[in-house]
Amino acid sequence: MTEFLIYRFLPEADSHPSYVQSYWIDTNDCGPMVLDILIKIKNEIDPTLTFRRSCREGICGSCAMHINGMNNLACLAPVTPGEAMSIGPLVRMPVVKDLVVEMSNFYNQYKQIVPYLQRKTPK
């Protein structure tokens, strides 16, 4: 059994909207990545846990989180069996709920830097 300490944020709560909740999971009973653990918790233990996910391939970045003190993708971060793992939202970003952060500012900045190739002449 491995302990997972997950940051929870309930914006509708009047007192103590943020706290850390502990979940004990048998890591032999699910996939090897942190995203597998989060899906197991949501499906079998706590359906109120909120997080983003999409491709499960490490391409889209929607499952970006703060895992064991480092920003990482939950679909690429391996579980360390027997060691407690802390999982929280990305740091320095406004939290919407639990592990979901507000991404509008990021997308606005991303659009401004034009991070893709452009032709010099129109096609």
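The values are calculated or read from the model by the stated rules, or taken from the named source; none is laboratory data. Not measured: the values here are computed from a predicted model. All Cβ positions, even for glycine, are placed from backbone atoms using ideal geometry, and neighbour counts span all protein chains on display. We work out accessible area using only protein heavy atoms, side chains counted, and drop any ligands, DNA or RNA first. Shrake-Rupley method; radii C 1.70, N 1.55, O 1.52, S 1.80 Å.
Which residues, counting only those in the range 38-49, are closer than 19 Å to PHE9 by Cβ, β-branched (Val, Ile, Thr) and open to solvent by less than 40 Å² (accessible area, probe 1.4 Å)? Step through it out loud before you land on a result.
First, the residues of the range 38-49 that are closer than 19 Å to PHE9 by Cβ: 38, 41-42, 45-49.
Then drop every residue that is not β-branched (Val, Ile, Thr), which leaves 41, 45, 48.
Selection gives ILE41 alone.
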Item to check | the range 78-98 residues that are within 11 Å of PHE51 (Cβ to Cβ), paired with ones that are surrounded by 15 or more Cβ atoms within 10 Å (Cβ to Cβ) and among the basic types (Lys, Arg) (beta carbon under 8 Å, 6 or more apart) | outcome: ASP98/ARG8
Next on the checklist: Just to be sure I understand, how many residues within the range 1-41 are in contact with a Gly (Cβ under 9 Å, 6 or more places away or on another chain) and either closer than 17 Å to LYS97 by Cβ or without any contact (Cβ under 8 Å) to a residue 40 or more places away in the chain (or both)?
Outcome noted: 6
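Looking at the range 72-117 only, could you name the residues that are among the charged types (D, E, K, R) and either in contact with an Asp or Glu (Cβ under 6 Å, 6 or more places away or on another chain) or farther than 22 Å from ARG56 by Cβ (or both)?
Of the residues in the range 72-117, the ones among the charged types (D, E, K, R) are 83, 92, 97-98, 102, 111.
Scanning the range 72-117 gives GLU83, ARG92, GLU102, LYS111.
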